[in-house]
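Worksheet: one structure, shown below.
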Amino acid sequence: MGSVSTVGGILALALLLGCGDATPPRASVAPTAPAPATRPPEDGTGIVLPEDRFPDLGAFRSGGWWELFGADPKDSKRFLDMLRRFPEDRTRMKEVLNRESAQGLVFDQPQEPAELGPRLPIDRRAMYGMLPSFIAMLEPLWDHASWSDDDVALAREVGKFLHTELGAPDVAFDGSGADRGAALRRLITWFREELGHVDRYAAMSLTMDDGPFIGVPCEAPPTASASSQPLRGELRIEAWKLERDGSDVAILAARRGKDTLWCRRITRGDGTPYARARIAPLTVDDLGAYGFRVHFAAAGEHAHLYVGPDGRFLFYFVSW
């Protein structure tokens, strides 16, 4: 079943978009201790995009949740309406989250050892889940020589939202077309910097699957891998399925030539292995500058591993 932060984030998003009082698909359980305070992630562990162009958002567009937001620049009026009613929807979101938390349906759990950290609060993760869609709305304004009143209104509302909710620079889309273009570039530079934090990139990868997890580091098995796929150049991903204590254990590794870059046991957040692992077929989506998304299965469900363009391990999600 989806993790609390994931399901709670989807709940929050549904409310923000006026989709009704969604109820997360989670059995009632007693609250636990609060999540630990977040700590700054290490710089440079996420994604680095080219600075000479508008960011490619293909890695997010290919996700099944993209259409949820109707992030179509041709329908900017609907998008503006959503942004302008946001304060009212946010209040409603908090009321529902508080009610569900009091009933033990949604709450922050302690961060687990095989979970990607630092864990973002539920509502903040919801905001990051919307971020790529918001950035997409600004793409038609890139390199605009002249801005219409509608262009300015859209940019101002998006900029205000990102500054208030996610700490983006407080930019004013005033002055000449060149001044407004410079303000837009400041906002896009901030977006690139956010992608440099792997926990925020994971939050932007909106899903209802469990995770993001990092598994347990281990030595690559001495036997030949049961499944392997090329990534790019000499990079490849390899996978094994071994039996440990009566359970199938999936092990994945990235290699460049003969060098092993990393090797992980695929586990739940608490470090215990999934049963019914399946590593064949092992398939790969090439996400360009974002790296790769590797598909396999754990617990009989789909699993998706994210690997950086240099073969660096990032995180994975497992369906429920």
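Bear in mind that the values in this text are calculations on the coordinates, not laboratory data. Here the structure is a predicted model, which is why all the values come from computation and not from measurement. Cβ placement follows ideal geometry from the backbone for every residue including glycine, while neighbour counts extend to all protein chains displayed.
Projecting label points 7 angstrom from Cα along Cα→Cβ for Thr283 and Thr223 puts them 2.6 nm apart. With the simple model of a label 7 Å out from the Cα in the direction of the Cβ, Arg256 to His302 spans 3.1 nm.
Please work out how much length the chain gains when fully extended from Arg61 to Asp174, using 0.36 nm per residue of separation minus the C-alpha to C-alpha distance, in nm with one decimal. Spell out each step's value before the answer.
Numbers: separation 113, 0.36 × 113 = 40.68 nm, distance 3.03 nm.
That pair, Arg61 and Asp174, stretches by 37.6 nm at full extension.
Which of the chymotrypsin sites (Phe, Trp or Tyr not before Pro) found in region 121-201 are in a DSSP loop and have at most 14 neighbouring Cβ atoms, other than their own, within 10 Å?
On the way: sites: Tyr128, Phe134, Trp142, Trp147, Phe161, Phe173, Trp190, Phe191, Tyr201; in loops: Trp142, Trp147, Phe173.
Passing both the DSSP loop test and the Cβ count: Trp142.
Modelled label positions at Ser247 and Thr272, each set 7 Å beyond Cα in the direction of Cβ, lie 0.6 nm from each other. Straight-line cross-link reach from Lys77 at under 17 Å between alpha-carbon atoms covers these aspartates and glutamates, not counting any fewer than eight positions away in the same chain: Glu67, Glu139, Asp149, Asp150, Asp151, Glu157. Near the amide H of Thr267, within less than 5 Å, lie the amide hydrogens of Gly215, Val216, all on another chain or at least 5 residues away, with H placed in the peptide plane.
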